[in-house]
1. Would you list the helices (runs of 4 or more DSSP H) that sit entirely within segment 145-247 and hold 1 or more residues that are hydroxyl-bearing (Ser, Thr, Tyr)?
2. In segment 5-19, which residue that is within 11 Å of the ligand (Cβ to nearest atom) and either closer than 11 Å to residue 58 by Cα or of a type in the set (D, E, K, R) (or both) is modelled with the lowest pLDDT?
3. Please go through segment 91-114 and pick out each residue that is part of a loop (DSSP other than H, G, I, E, B) and at pLDDT 90 or above.
4. What residue, among those in segment 202-231 that are among the hydrophobic types (A, V, I, L, M, F, W, C) and open to solvent by 50 Å² or more (accessible area, probe 1.4 Å), is farthest from the chain's Cα centre (by Cα)?
5. From the residues in segment 36-79 that are of a type in the set (A, V, I, L, M, F, W, C) and open to solvent by 70 Å² or more (accessible area, probe 1.4 Å), which one is nearest to residue 21 (Cα to Cα)?
6. With the requirement that a residue be closer than 24 Å to residue 183 by Cα, open to solvent by less than 30 Å² (accessible area, probe 1.4 Å) and small (Gly, Ala, Ser), what does segment 1-35 give you?
Amino acid sequence: MINVHGVSKSFSTPDIGAVQALKTVDLAIGGSEFFTLLGPSGCGKTTLLRLIGGFETPTTGSICIAGIDVAALPPQQRPVNTVFQSYALFPHMTVAENVAFGLRMQKRPERDIETQVATTLDMVRLGAFAQRRPSQLSGGQQQRVALARALAPRPNVLLLDEPLSALDLKLRKEMQSELKRLQRETGITFILVTHDQEEALAMSDRIAVMHEGRILQVGAPQDIYHNPANRFVADFIGEANLIPGAVLHRNAALTVAVRPERITLRKAAGMAGRLLGRIETVTFLGLDTLYEIEIANRNRIRVRLRDTGAGFDPGQEVAMDWAAEAERELMQ
Ligand code: ATP
């Protein structure tokens, strides 16, 4: 559905000179995929989204959408719609008029518009709110109107720029499953921008992890979680203990990543585990308990255990173990 080939983007500003927001990026996104661009602030994810939407022009490279090179097409002529972080609803229009907006621009017959508005409002569960104005809705409801407005013309691709960031945690979780359901029901390709790794893991078919204008890894959530390509990805996705070590027969230094939930604890009592340490803090998290453990050279290991009640206490010496397959060697 989308082919990004050799795309880079530099901004030149009079005061700070050139900023390379995106280094050379290649990316292929399939039809009906829920695809997420994930990375920390400033990594270039919004820039990539805006290039696909046609709000920016690439410095180098080309972008094809549904088989067509879109270089010459302005945003409204691309088979793409965008949901902005701010919702950007028209305040003077009713919910139904907001949702009808894109269909009117396409000059669809009035009867089609009515049916499509009703179907789409039902889809986002706002059928009963058609005659209200945006100011008479909650934040979550406004978000649904923004979604309905973008979905109503049935674009091939929907771009979502941090669409849930203004919602509180409970509503955000609810909207995550709503978005997933809407994507499945419509079969539209969704491209989501977020810096929230939990959100990315929960919703996506595939994720591209970005850092400093580059894509570091593309894969399914399980893939990226269990087989991070490098240190940055291991650290950014979920939590990882990055343990410095060495391969003796190769005489080479390396870093090993182990997830906190893959480590088991025993009372040390003179026995050797893979690592020995002393419990610093114990944090009860509901289902799990998180232990922070100091090992040699003031390094820290985090261990997450299902709370069995057989707790360990701060100050206690413990031995840590994990299965060989829980460990990933990382490139720097
Ligand atoms: P955030 O999560 O904070 O929105 P992001 O990953 O979406 O971050 P971008 O907005 O794509 O990051 O920005 C990438 C880099 O490009 C940043 O260093 C940013 O300052 C710079 N940048 C973005 N837009 C412009 C612009 N119009 N002019 C100059 N620099 C820009």
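The values are calculated or read from the model by the stated rules, or taken from the named source; none is laboratory data. A quick note: this is a predicted structure, and the numbers were derived from the prediction, not measured. Glycine also receives a Cβ, built like all others from the backbone with ideal geometry; neighbour counts cover every protein chain displayed. Ligands, DNA and RNA are excluded from the accessible area calculation, which covers all protein heavy atoms including side chains. Shrake-Rupley method; radii C 1.70, N 1.55, O 1.52, S 1.80 Å.
1. 169-186, 221-226
2. That would be 15.
3. Passing the criteria: 91, 92, 93, 94, 107, 108, 109.
4. Per the criteria, the residue is 216.
5. For segment 36-79, the residue satisfying everything is 55.
6. 30
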